[in-house]
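Worksheet: one structure, shown below.
Laboratory data are not the source of any read-out in this text; all were calculated from the coordinates shown. Note that the structure is predicted; figures quoted are calculated from it, not measured. For neighbour counting, all protein chains shown are included, and Cβ atoms are generated from backbone atoms with ideal geometry for every residue, glycine included.
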């Protein structure tokens, strides 16, 4: 790779075609670098080093936001799922192929060159700076996503923004009141109503949405189980005291070593000795045709726990 290109990529993680041309390097050098794999094209006139391919999709999206920002000179604020990612929130089921921005000028709404341009009123109080970029506030981001996306996808992001301490119920209610005349406002309010700051992962948010969808009793979150001496035996993602039943969402990275698995087995055995039932869910249980079966199986397990252990004091 040309030394100047290598320096730019190492400095920012990306380069742009105007950067290259300003240094007297012509397009043939760029084309050659793309062909030999030392540069990856990540957008129109935007390039990154080969390590870009090893980043998580959310990390790739964030880098593309920074690269695309060089085109607009403050004329846009990053919004919707792009803002959520820049705030560090979890996402699921949203479009990451396009970077989402809301215009701060008179530009029109469109999809162009990998960017989805939205048109909506943004007051000064709706925009903050994050890592040098103009980004919609966490509360406004939550509202925009809840309006545009499915309730399940919106819930993941709204939960995560609250769990990170970036917004709260009062701020979300203010957003809902301020935009109650928006199309799909009622749809958006459902994600806000279901949201809970105690949800610790996208999987937990999706599992809770499944419970709501199939009309299961609403669980308590992050339930602590203690023994007769008040010692903590275990903590579970979901719990129903009246059923004496707990449920866990087990993501792929939750137990990374044999020691993790052994510790979890000890914890679960301790909980069961205290007469609690336990269910587990994985990603596949939340998908497509398995969803109803997951809900039916969970409710059956809850009812069994109530029959077996329901007479015990909570």
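Between residue 272 and residue 182, the modelled label-to-label distance comes to 4.7 nm, taking each label 7 Å out from Cα in the direction of the beta carbon.
Most tightly packed first, judged by the mean number of other beta-carbon atoms within 10 Å of their residues, the peptides 92-101, 273-282, 219-228 read 92-101, 273-282, 219-228. Axis angle, to the nearest 10 degrees, between helix 151-163 and the longest C-alpha principal axis of the chain: 90 degrees.
Put in order of Cβ neighbour count within 10 Å, fewest first, the listed residues 235, 189 become 235, 189. Among 237, 11, 269, the order by Cβ neighbours within 10 angstrom, fewest to most, reads 11, 269, 237. Taking 7 Å steps out from each Cα toward its Cβ at residue 173 and residue 224 produces label points 2.7 nm apart. Using the Cβ-Cβ distance between residue 213 and residue 250 with R0 set to 22 Å, the FRET efficiency works out to roughly 0.65. With the simple model of a label 7 Å out from the Cα in the direction of the Cβ, residue 304 to residue 150 spans 2.9 nm.
With R₀ fixed at 22 Å, the C-beta to C-beta distance from residue 110 to residue 131 puts the FRET efficiency at about 0.30. For Kirkwood radius over Cα pairs in Å, the value computed from the atomic coordinates appears in the list (i) 20.8; (ii) 22.1; (iii) 20.2 under label (ii).
Given R0 = 45 Å, the distance between the Cβ atoms of residue 7 and residue 75 translates into a calculated FRET efficiency of 0.95.
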